[in-house]
1. So, how do all the Cα-to-Cα distances of the range B:2-66 break down into 10 Å bins, in percent, from 0 on up?
2. To the nearest 0.05, how large is the calculated FRET efficiency for residue A:120 and residue A:93 if R₀ is 30 Å and r is the Cβ-Cβ distance?
3. Jot down the per residue volume, in cubic angstrom and as a whole number, of the convex hull over the alpha-carbon atoms of the range A:2-181.
4. Between residue A:100 and residue A:151, take the C-beta separation as r, use R0 = 41 Å, and let me know the FRET efficiency to the nearest 0.05.
5. For every other residue with a beta carbon closer than 9 angstrom to the beta carbon of residue A:133, add +1 if it is Lys or Arg and -1 if Asp or Glu, then tell me the sum.
6. According to the Cα gyration tensor, what semi-axes, each the square root of 5 times an eigenvalue, does the equivalent ellipsoid of the range A:89-137 have, listed from largest to smallest in whole Å?
7. Within 10 Å of each candidate Cβ there may be at most 12 other Cβ atoms; applying that plus a DSSP loop requirement, which GluC sites (Glu not before Pro) in the range A:112-161 survive?
8. Nearest-5 percent of antiparallel DSSP beta bridges in the range A:2-181?
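Throughout, read-outs are computed from the coordinates displayed, never taken from laboratory work. All values derive from a computational prediction rather than experimental measurement. Cβ coordinates were reconstructed from backbone atoms using ideal geometry, including for glycine residues, and neighbour counts include every protein chain displayed.
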Amino acid sequence: MLRFSPTAWAKLLFLRDYGKTEVGGFGIAPRDDLLYLEDVQLVRQTCSWAHVAFDDESVADFFDQQVDAARHPEQFARVWVHTHPGDCPRPSQVDEDTFSRVFGRSAWAVMFILAYEGQTYARLRFNDGPGADLKVAVGLDYSRPFGGCDHEAWKQEYLSNVQAQQPIRITSTATEPVVESPFDEEPTDEWLDNWFDYAEDDDNVKGLH
Amino acid sequence: MKVLLINHDGGGFADYVEIVDGTTVAQLFEQQVGSGRASDYLIRVNRQPCPADQVLQEGDRVSFTPTKIEGALR
């Protein structure tokens with residue numbers, strides 16, 4: 001079973017729900033329990049509502065940081081985590097291609113997908129010998145010590161790493177931080193006041209009377 | 001001489017390895033990754049991208065990390 005600490009799970013839900021795009025990252029596990037995720041960490045990524053692509057330099061930086069923190073690659077580079085919109089956590093062909101190409105030369109790896117509506121998918125692959133793929137259950141593990149929520153730190157991690165890309169059907173391909181989009185702001189009635197101010201100025205309504 | 005190698009493949013590796021003087025980045029990649037395609041990795045020395053023929057120095061930090069990690073709904 002792939003197990004999450006309550007803190008790691010809360011963080012993943014927070015990251016999934018903070019913006020309007022998919023997000024992805026790596027699960028972090030202790031040395032003695034590689035299928036127990038005590039954290040999920042993002043790398044810089046470009047995302048849309050149905051796609052996420054990691055920045056290669058940021059992945060390399062992440063590896064360096066984790067090694068500097070005395071972690072072994074098995075602890076931080078074996079559980080690939082990403083989200084899907086809607087209710088379908090099943091891997092797409094893009095997911096499968098990445099899992100094979102990127103994680104197909106490691107001894108083992110897990111692809112974990114969390115759908116927006118809460119459904120999960122986890123598959124453990126062994127690449128040594130004849131190889132094997134096993135769907136594994138997902139659960140929360142309260143049996144080990146775990147920390148509290150830190151929404152501010154999670155928010156900063158999100159803002160530092162996630163760049164939202166406009167959907168392809170919109171002509172612009174520029175990227176910008178998700179929450180800085182004016183469309184993400186709470187709607188107000190300010191526009192109505194502005195219209196009244198505009199209409200009260202006679203210069204603006206000449207010829208309309 | 002020794003260099004610190006970070007390699008995503010196999011069991012995962014992050015430790016010092018002994019190499020002979022004059023070893024290039026490309027030679028170390030071939031020794032460690034074998035049949036893997038270089039285009040599937042970001043290869044850096046001391047946290048910077050490097051040419052394949054760069055000769056490694058004592059204490060260099062070399063990393064072979066995965067590229068083009070992407071997921072999608074469809």
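1. Per 10 Å bin, starting at 0, the Cα pair percentages come out as 23, 64, 13.
2. 0.95
3. Looking at the range A:2-181, the number lands at 124 Å³ per residue.
4. Here the calculated transfer efficiency is 0.70.
5. For residues surrounding residue A:133, the net value is +3.
6. 21, 12, 7
7. A:117
8. Numbers: 25 of 39 bridges.
Roughly 65 percent of the beta bridges in the range A:2-181 run antiparallel, per DSSP.
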